[in-house]
Amino acid sequence: MTPPIRIDPATGLKAFATRAAKATEKIAGVGYMPVKDETLITLPPAPAGAVFNAEEQARYREYNQSRAGAADYITMEGQFSKYLEDVYSAPPVEREALTDDCDIVIIGAGFAAMLLWYKVREAGFRDVRVCEKGGDVGGTWYWNRYPGIACDVESYSYLPLLEEMGYYPTMKFASGFEIYEYCQKMAEKLDFYDRCLFHTTVDRTEWDEASARWIVSTDRGDRMRARVVVLANGSLTTPKLARIEGMETFKGEAFHTSRWNYHVDLKDKRVGIIGTGASAVQVVPEIAKVVKELYVFQRTPSTIDVRDQRMTTPDEIETWSKEPNWAKKRRERLARISSGRTALKGNDDYLSGKVDDYRGPRRTPERKLTPEELMQAQLNTNFRIMEQIRARIDAIVKDPKTAAALKPYYAYGCKRPTFHDEYLPTFNLPHVHLVDTAPVGVNRINEAGVVHDGVQYDLDVIIYATGFQWMGAGSFNMIVGRDGRSLRGKWAEEGVRTFLGLHSRGFPNLFILSGPQSGGGQFNFTRTMESQTDYVAWLLKTARERGNVLVDVSKEAEEAYSAHCREADLRTRPLRDCLSYYNGDGNAEPGSLAYYGGPEKWHEIRMQAQTTLDPYVFEQTAA
Ligand SMILES: Cc1cc2nc3c(=O)[nH]c(=O)nc-3n(C[C@H](O)[C@H](O)[C@H](O)COP(=O)(O)OP(=O)(O)OC[C@H]3O[C@@H](n4cnc5c(N)ncnc54)[C@H](O)[C@@H]3O)c2cc1C
């Protein structure tokens with residue numbers, strides 16, 4: 001048997017075999033199959049000329065305000081920590097603790113880490129070590145294995161390194177199970193497994209000025225010393241639970257969608273699912289096929305757009321196999337569909353390069369619009385999309401009360417948009433019940449189930465589809481930089497301060513992937529990550545050319561960039577006027593979470609920095 005830690009004869013570096021075995025064969029699933037019924041895969045036409053007028057604006061405002069303060073979540077600690085357990089892998093592989101030196105430590109083994117490894121390895125950095133909480137690679141796709149899971153961005157553009165891997169996803173929206181297996185294939189082909197310490201959670205990363213190294217401590221007793229640390233620990237990694245009185249008293253089975261318990265057989269059970277975000281929308285149609293009764297507890301509905309799933313055709317594979325960079329080109333075309341509604345009919349011709357535009361004939365305005373007029377035009381377009389989405393509900397859902405409750409009234413895209421063709425018809429089934437808990441949500445659970453508005457819903461199983469902490473600040477607490485100051489502490493005192501979202505002053509040689517204020521892409525995570533990992537690889541090479549100097553950023557660069565993030569957020573705010581995890585349920589400081597300057601602006605700032613090198617502070621070290 002290969003020892004968990006050995007010396008690689010080719011490089012002289014430590015190589016690891018710490019990948020955990022599967023916990024059970026039950027954890028497997030198939031994809032979301034194409035739907036034939038045209039009425040389910042066709043969006044009603046946009047109401048021509050409809051505008052987001054004062055009356056509609058007031059309706060949206062009231063809808064949002066009624067929900068203000070309703071979002072109240074708890075972290076999974078103490079009695080709730082059981083919901084975080086790794087149910088997918090056998091217990092950790094035994095290994096000795098590491099107290100040695102290495103060049104680069106990456107925290108997390110998802111898409112971001114794999115892309116980064118691919119690029120830094122190409123650039124000649126080999127002494128790279130990856131610490132991962134889970135028992136295998138994949139990140140999001142390791143943890144989330146609920147029935148019905150699939151990507152929402154078309155897989156031809158979402159899956160990274162498709163050309164390099166010579167892989168063609170089987171479906172336009174590949175299942176999570178296929179994506180997870182693809183991650184494993186990538187890890188094998190790229191020798192990524194050798195770099196990974198699985199079942200290893202980093203609990204502290206502390207800067208040591210004397211040695212100019214980061215000390216990386218883990219729950220396995222490691223205390224490794226690294227020249228560079230990269231946080232690739234994801235922005236949707238930490239599951240959260242809604243605070244519901246009495247949840248600990250429930251006597252049945254309960255779990256979170258991101259730790260699906262396949263040992264619980266849902267067949268003929270009374271099941272309640274709490275939450276109707278992106279995960280629930282994919283879960284509900286699948287479990288409705290087996291359960292006896294399904295209660296869907298909804299506070300705020302998602303936007304359910306058309307998915308139009310289809311299989312990849314042999315012709316496509318034939319064409320792509322002859323077209324260099326087919327997926328990269330497609331990803332760039334997709335990025336121009338700014339709302340990410342990739343399933344819409346006609347888009348395929350555009351995405352495959354057969355036609356140059358996806359929007360059809362457009363009117364050229366007679367004069368340049370003022371910023372206010374431009375904003376109103378965008379709001380109107382957005383309103384028409386929402387009208388289509390609401391009309392689709394009326395066209396599919398038979399019960400008018402249920403249809404009314406399923407209609408969202410907020411700007412399209414201000415909550416993660418969802419795409420499904422079986423979710424809405426599920427509510428026509430006699431055993432599926434929508435329980436509208438608007439505006440405050442479920443507020444009591446007892447031994448037997450959920451109580452809402454004085455009605456007791458007896459349940460055998462409760463599934464928490466309550467989502468994740470967005471850009472979980474928890475992980476920033478364990479990063480301690482210069483002067484013993486944590487990243488979280490710095491941001492609590494000064495507000496979130498970064499340059500490009502990737503560095504923060506006082507944390508030399510530390511890079512934050514997909515953290516607050518970071519840009520470079522849009523709704524397609526992989527495009528963002530291509531940009532960010534290119535940047536990190538470039539900067540590591542630049543520092544190496546200067547004698548492996550330390551890289552920090554100047555106060556001025558950080559202040560200017562953070563002010564820009566704030567301004568961009570405030571300027572575009574009317575387009576996202578709702579409560580969602582994107583804006584900390586309405587509580588986030590402007591500019592402190594996602595970047596709203598647009599990918600072009602982010603790249604402009606990045607390219608300027610790469611050309612002038614002005615934002616950087618390069619420091620020679622004795623070490
Ligand atoms: C259900 C679901 C569907 C999604 N679908 C899409 C989609 O269609 N399109 C899209 O663009 N995006 C989608 N996303 C977003 C998705 O998270 C990203 O696309 C991408 O997979 C993130 O990759 P990552 O490597 O940055 O982070 P992750 O995949 O989250 O990986 C981070 C890893 O870091 C590990 N980690 C965290 N903290 C520590 C620590 N302290 N020590 C050690 N390890 C740690 C975690 O265990 C995790 O495995 C989806 C997200 C979810 C949850």
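Remarks
- Applying a threshold of 7 Å to beta carbon distances and a minimum spacing of six or more residues, or different chains, the list of pairs starting in the range 500-514 at a residue that is closer than 19 Å to His564 by Cβ and ending at one that is acidic (Asp, Glu) and away from the ligand (no atom under 13 Å from the Cβ) reads Arg505/Asp552; Arg505/Glu558.
- In the range 545-560, of all residues being in a helix (DSSP H, G or I) and touching a residue at least 60 places away in the same chain (Cβ under 8 Å), the one that is farthest from His503 (Cα to Cα) corresponds to Glu559.
- Residues of the range 126-141 satisfying the condition of being under 15 Å from Ser258 (Cβ atoms) and surrounded by fewer than 24 Cβ atoms within 10 Å (Cβ to Cβ): Lys133, Gly134, Gly135, Thr140
- Any pair with Cβ under 6 angstrom, 6 or more apart, that starts in the range 1-18 at a residue that is under 21 Å from Val137 (Cα atoms) and without any contact (Cβ under 8 Å) to a residue 40 or more places away in the chain and ends at one that is assigned to a loop (DSSP other than H, G, I, E, B) and of a type in the set (A, V, I, L, M): Thr2/Ala17
Table: residues versus (1) more than 29 Å from Asp37 (Cβ to Cβ); (2) of a type in the set (D, E, K, R); (3) outside the structural domain of Tyr262 (by TED's automatic domain parsing).
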| site | (1), (2), (3) |
| --- | --- |
| Val290 | no, no, no |
| Glu293 | no, yes, no |
| Lys328 | yes, yes, yes |
| Gly353 | yes, no, yes |
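- Here Ile179 meets the list (1) among the β-branched types (Val, Ile, Thr); (2) more than 9 Å from the ligand (Cβ to nearest atom); (3) not assigned by TED's automatic domain parsing to the domain that holds Arg488 almost entirely, failing just condition (2).
- Taken as a whole, the structure leaves Pro314 outside the set of residues that are at pLDDT 95 or above, closer than 25 Å to Glu38 by Cβ and assigned by TED's automatic domain parsing to the domain that holds Gly441.
- For the range 595-616, filtering for residues that are touching a helix residue (DSSP H, G or I) at 6+ places or on another chain (Cβ under 9 Å) and not in a loop (DSSP other than H, G, I, E, B) leaves 9.
- Scanning the range 304-345 for residues that are β-branched (Val, Ile, Thr) and without any contact (Cβ under 8 Å) to a residue 40 or more places away in the chain gives Thr313, Thr319, Ile337.
- Residue match in the range 130-141 (condition: touching a residue at least 60 places away in the same chain (Cβ under 8 Å) and of a type in the set (Phe, Trp, Tyr)): no
- Residue within the range 183-195 that is among the basic types (Lys, Arg) and buried (at least 16 other Cβ atoms within 10 Å of the Cβ) present: yes
- Single residue of the range 257-280 satisfying the filter (under 21 Å from Val440 (Cβ atoms), among the hydrophobic types (A, V, I, L, M, F, W, C) and within 16 Å of the ligand (Cβ to nearest atom)) that is farthest from the chain's Cα centre (by Cα): Ile273
- From the list Gly31, Gly49, the one residue that fits, being touching a strand residue (DSSP E or B) at 6+ places or on another chain (Cβ under 6 Å), of a type outside the set (S, T, N, Q), in a loop (DSSP other than H, G, I, E, B) and more than 30 Å from Thr2 (Cβ to Cβ), is Gly31.
- Restricting attention to the range 412-425, the residues that are within 17 Å of Thr300 (Cβ to Cβ) and out of contact with any Lys or Arg (no Cβ under 6 Å at 6 or more places or on another chain) add up to 8.
- Residue tally, condition crowded, with 22+ Cβ neighbours inside 10 Å, more than 9 Å from the ligand (Cβ to nearest atom) and assigned to a loop (DSSP other than H, G, I, E, B), over the range 148-168: 3
Okay, residues lined up against (1) of a type outside the set (Val, Ile, Thr); (2) surrounded by 15 or more Cβ atoms within 10 Å (Cβ to Cβ); (3) at pLDDT below 95:
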| position | (1), (2), (3) |
| --- | --- |
| Glu530 | yes, yes, no |
| Ala537 | yes, yes, no |
| Arg544 | yes, no, no |
| Ala563 | yes, no, no |
| Tyr596 | yes, yes, yes |
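- When the range 225-260 is limited to residues that are small (Gly, Ala, Ser) and closer than 30 Å to Trp214 by Cα, the one that is modelled with the lowest pLDDT turns out to be Ser235.
- Residue within the range 542-558 that is on the phi > 0 side of the Ramachandran plot and not assigned by TED's automatic domain parsing to the domain that holds Gln522 present: no
- The number of residues in the range 255-290 that are in contact with a Gly (Cβ under 7 Å, 6 or more places away or on another chain) and charged (D, E, K, R) comes to 1.
- Glu286 fulfils the conditions (1) within 25 Å of Tyr60 (Cα to Cα); (2) surrounded by fewer than 22 Cβ atoms within 10 Å (Cβ to Cβ) except for a single criterion, (1).
- The set of residues in the range 567-614 that are of a type in the set (A, V, I, L, M), farther than 30 Å from Thr466 by Cβ and without any contact (Cβ under 8 Å) to a residue 24 or more places away in the chain contains only Met607.
- Gly221, sole failed condition from (1) surrounded by fewer than 18 Cβ atoms within 10 Å (Cβ to Cβ); (2) near the ligand (Cβ under 9 Å from one of its atoms); (3) more than 21 Å from the chain's Cα centre (by Cα); (4) not charged (D, E, K, R): (2)
- Among the residues examined, Ala210 does not qualify as within 12 Å of the ligand (Cβ to nearest atom) and either among the hydrophobic types (A, V, I, L, M, F, W, C) or in contact (Cβ under 8 Å) with a residue 40 or more places away in the chain (or both).
- Any hit, the range 384-402, residues being without any contact (Cβ under 8 Å) to a residue 12 or more places away in the chain and outside any helix (DSSP H, G or I): no
- Total residues in the range 121-136, condition more than 10 Å from the ligand (Cβ to nearest atom), hydrophobic (A, V, I, L, M, F, W, C) and either under 23 Å from the mean Cα position of the chain (by Cα) or assigned to a strand (DSSP E or B) (or both): 1
- As a summary of the residue check, Tyr295 satisfies the conditions (1) hydroxyl-bearing (Ser, Thr, Tyr); (2) assigned to a strand (DSSP E or B); (3) closer than 26 Å to Gln522 by Cβ except for the one numbered (3).
- Here Tyr193 fulfils each of the conditions (1) within 11 Å of the ligand (Cβ to nearest atom); (2) in contact with a Lys or Arg (Cβ under 8 Å, 6 or more places away or on another chain); (3) hydroxyl-bearing (Ser, Thr, Tyr) apart from (1).
- Considering the range 578-594, and only residues there that are out of contact with any helix residue (DSSP H, G or I) (no Cβ under 7 Å at 6 or more places or on another chain) and in a loop (DSSP other than H, G, I, E, B), the residue that is surrounded by the fewest Cβ atoms within 10 Å (Cβ to Cβ) turns out to be Asn587.
The values are calculated or read from the model by the stated rules, or taken from the named source; none is laboratory data. In this text, all values refer to a predicted model and were calculated from it rather than measured experimentally. Quick reminder, even Gly has a Cβ in these numbers, built from the backbone with ideal geometry, and neighbours come from all protein chains shown.
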